[in-house]
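Q: Quick one: structure below, then a few questions.
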Amino acid sequence: MKKFLVVRTDRIGDLLLSTPVIYEIKRKIESSFVAVLTNNYAKEILFNNSDVDLIYSIDDKNVYKNIKMQNFDTAIVLYPRFLISLKILLCDIPERIGTAFRWYSPLFFNKKIKLHRKNSGMHEADLNLLMIKDIIGETKAKKLYYYPMEAERIRADEYLVKNNIKEFIMIFIGGRGSADNLSPEKYADIASAIKEKFNKKIIIGYGLDEYDKIKRFKLKLNDFNDIHILEQPFKIRDLAALIEQADLFISGSTGPMHIAAALGKKTLTFFPNKGALPDRWGPIGNKHEIIQPEKDKKMDDILVELILEKISNLLKK
């Protein structure tokens, strides 16, 4: 049995975009064992994924001692950071795969992949797969992999029944991603316009420590009929169970958008016209529409009429 350690220690969306690596290893390498090193914030994304044999968190005190005891054959460092790469070296893993272009790469990685992510023009999920091309062959990501639990689905059903919500569109106004997003005030305008045009209720979601965004959203909104704001931020897996029930998920480029895509939900996503672009960070494997502002325009300059047109197209698909 060959044992692999996949290292991805940044955000929820980034970890989800690494799940095709896990999926392909499990299907191409017979009787393989795959563990993932991530963080406490993101690790729940991997729960209930039968391809993941073990999850480590960098937040655990003895994590590198425990990794060393597992005698892994290969470490795949998808998100290189100096300290983590050093500690992986000290775990005595014989094969350590990483980028060739960090100054410390020759010190820590003995299999260096010549790959410039920033200007490659490729999707992040495909870039991750290229890191292990010599192991699994050349392939592209077809989808992302997220697996809800039945208890989570039951809680979502109970929440919707309690609040008398059936068909609905979810708008997620928050996000910790690095991409520019619409303002809460703009999202309030969009919610109002959707309510007028489409006969559906709207659920407004947001992340931890984003109460200020909800406050600004509420101040701009004049009519709260058919608009349900979550009383508090849902834990990520319970939020995912609600997303699974939605007819459409609307957000900026954020982790929950990738969860929606992994669940096969229709998504409408707002991306900036520079920086974190959809060619690299867009949804995979679902029906989706992407809107970017015109050149030299701000995110909030996106026309509500265009947004409604894209929503209409998605709901008809």
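The values are calculated or read from the model by the stated rules, or taken from the named source; none is laboratory data. None of these values were measured; they are calculated from a predicted model. Glycine gets a Cβ as well: all are built from the backbone with ideal geometry, and neighbour counts include every protein chain shown.
Q: Only one of Lys68, Lys61 is at pLDDT 95 or above and of a type in the set (Lys, Arg); which? Don't jump to the end; show me each part of the working.
A: Working: Lys61 fails: at pLDDT 95 or above.
Sole residue among the options that is at pLDDT 95 or above and of a type in the set (Lys, Arg): Lys68.
Q: Still on this model: So if I check each of Leu144, Leu182, which one is in a loop (DSSP other than H, G, I, E, B), surrounded by 16 or more Cβ atoms within 10 Å (Cβ to Cβ), touching a His at 6+ places or on another chain (Cβ under 7 Å) and among the hydrophobic types (A, V, I, L, M, F, W, C)?
A: Numbers: Leu182 fails: touching a His at 6+ places or on another chain (Cβ under 7 Å).
So the residue among Leu144, Leu182 that is in a loop (DSSP other than H, G, I, E, B), surrounded by 16 or more Cβ atoms within 10 Å (Cβ to Cβ), touching a His at 6+ places or on another chain (Cβ under 7 Å) and among the hydrophobic types (A, V, I, L, M, F, W, C) is Leu144.
Q: Now for a separate question. Scan the range 65-83 and report the pairs whose first residue is in contact (Cβ under 8 Å) with a residue 24 or more places away in the chain and whose second residue is in a loop (DSSP other than H, G, I, E, B) and acidic (Asp, Glu), with Cβ atoms within less than 7 Å and a gap of 6+ or a chain change.
A: So the pair list comes out as Lys68/Asp92; Tyr79/Asp10.
Q: Here is a follow-up. Of the residues Tyr56, Tyr41, which is of a type outside the set (Val, Ile, Thr), surrounded by 18 or more Cβ atoms within 10 Å (Cβ to Cβ) and part of a loop (DSSP other than H, G, I, E, B)?
A: On the way: Tyr56 fails: part of a loop (DSSP other than H, G, I, E, B).
The conditions single out Tyr41.
Q: Could you give every pair whose Cβ atoms fall below 6 Å, whose first residue belongs to the range 205-223 and is over 16 Å from Leu239 (Cα atoms) and in the same structural domain as Lys195 (by TED's automatic domain parsing), and whose second residue is surrounded by 14 or more Cβ atoms within 10 Å (Cβ to Cβ) and small (Gly, Ala, Ser), counting only separations of at least 6 or pairs across chains?
A: These pairs meet every condition: Lys213/Gly174; Phe217/Ala188; Lys220/Ala188; Leu221/Ala188.
Q: Restricting to the range 7-43, give me the number of residues that are among the polar types (S, T, N, Q) and touching a helix residue (DSSP H, G or I) at 6+ places or on another chain (Cβ under 7 Å).
A: Looking only at the range 7-43, we keep the residues that are among the polar types (S, T, N, Q), and these are 9, 18-19, 31-32, 38-40.
From what is left, the residues that are touching a helix residue (DSSP H, G or I) at 6+ places or on another chain (Cβ under 7 Å) are 9, 18, 32, 38.
Qualifying residue count, the range 7-43: 4.
Q: State which residue is farthest from Phe270 (Cα to Cα) when the search covers only the range 185-204 and only residues that are buried (at least 20 other Cβ atoms within 10 Å of the Cβ) and touching a residue at least 60 places away in the same chain (Cβ under 8 Å).
A: Here the answer is Ile194.
Q: A further question follows. Any residue in the range 137-156 that is under 15 Å from Ile259 (Cα atoms) and among the β-branched types (Val, Ile, Thr) sitting within a Cβ distance under 8 Å of a residue that is buried (at least 19 other Cβ atoms within 10 Å of the Cβ) and at pLDDT 95 or above? List the pairs, counting only those 6 or more apart or interchain.
A: none
Q: Quick one: is Pro272 buried (at least 16 other Cβ atoms within 10 Å of the Cβ) and out of contact with any Ser or Thr (no Cβ under 7 Å at 6 or more places or on another chain)?
A: Numbers: buried (at least 16 other Cβ atoms within 10 Å of the Cβ): yes; out of contact with any Ser or Thr (no Cβ under 7 Å at 6 or more places or on another chain): yes.
So Pro272 fits the description; yes.
Q: Condition (residue is of a type in the set (Ser, Thr, Tyr), buried (at least 21 other Cβ atoms within 10 Å of the Cβ) and touching a residue at least 40 places away in the same chain (Cβ under 8 Å)) applied to the range 7-14: is it met by at least one residue? If you could, list the steps in order and put the result at the bottom.
A: Within the range 7-14, the first condition is being of a type in the set (Ser, Thr, Tyr), and the residues that meet it are 9.
Among the residues that remain, those that are also buried (at least 21 other Cβ atoms within 10 Å of the Cβ) are: 9.
After this cut, where a residue has to be touching a residue at least 40 places away in the same chain (Cβ under 8 Å) as well, the list is 9.
Within the range 7-14 (the criterion being of a type in the set (Ser, Thr, Tyr), buried (at least 21 other Cβ atoms within 10 Å of the Cβ) and touching a residue at least 40 places away in the same chain (Cβ under 8 Å)), the answer is yes, since at least one residue qualifies.
Q: Before we move on, is Ser85 outside any helix (DSSP H, G or I), within 24 Å of the chain's Cα centre (by Cα) and either assigned by TED's automatic domain parsing to the domain that holds Ser18 or surrounded by 13 or more Cβ atoms within 10 Å (Cβ to Cβ) (or both)?
A: It is false that Ser85 is outside any helix (DSSP H, G or I), within 24 Å of the chain's Cα centre (by Cα) and either assigned by TED's automatic domain parsing to the domain that holds Ser18 or surrounded by 13 or more Cβ atoms within 10 Å (Cβ to Cβ) (or both).
Q: Could you tell me whether any residue of the range 298-307 is touching a strand residue (DSSP E or B) at 6+ places or on another chain (Cβ under 6 Å), modelled with pLDDT of 95 or more and either basic (Lys, Arg) or not in a loop (DSSP other than H, G, I, E, B) (or both)?
A: no
Q: Also, quick follow-up: Can you tell me which of Lys2, Lys68 is more than 15 Å from Ile132 (Cα to Cα) and of a type in the set (Lys, Arg)?
A: On the way: Lys2 fails: more than 15 Å from Ile132 (Cα to Cα).
Answer to the selection: Lys68.
Q: Can you name the condition, by its number, that Ile165 falls short on among (1) under 20 Å from the mean Cα position of the chain (by Cα); (2) not in a helix (DSSP H, G or I)?
A: Here Ile165 clears every test but (1).
Q: If we scan the range 268-275, do we find a residue that is modelled with pLDDT under 95 and of a type in the set (D, E, K, R)?
A: Taking every residue of the range 268-275 in turn, at least one turns out to be modelled with pLDDT under 95 and of a type in the set (D, E, K, R).
Q: Quick check on this structure: which one of Pro293, Pro283, Pro272 is in contact with a helix residue (DSSP H, G or I) (Cβ under 6 Å, 6 or more places away or on another chain), touching a residue at least 24 places away in the same chain (Cβ under 8 Å) and assigned to a loop (DSSP other than H, G, I, E, B)? Give the derivation first.
A: On the way: Pro293 fails: touching a residue at least 24 places away in the same chain (Cβ under 8 Å); Pro272 fails: in contact with a helix residue (DSSP H, G or I) (Cβ under 6 Å, 6 or more places away or on another chain).
Step by step, each of Pro293, Pro283, Pro272 is checked, and only Pro283 is in contact with a helix residue (DSSP H, G or I) (Cβ under 6 Å, 6 or more places away or on another chain), touching a residue at least 24 places away in the same chain (Cβ under 8 Å) and assigned to a loop (DSSP other than H, G, I, E, B).
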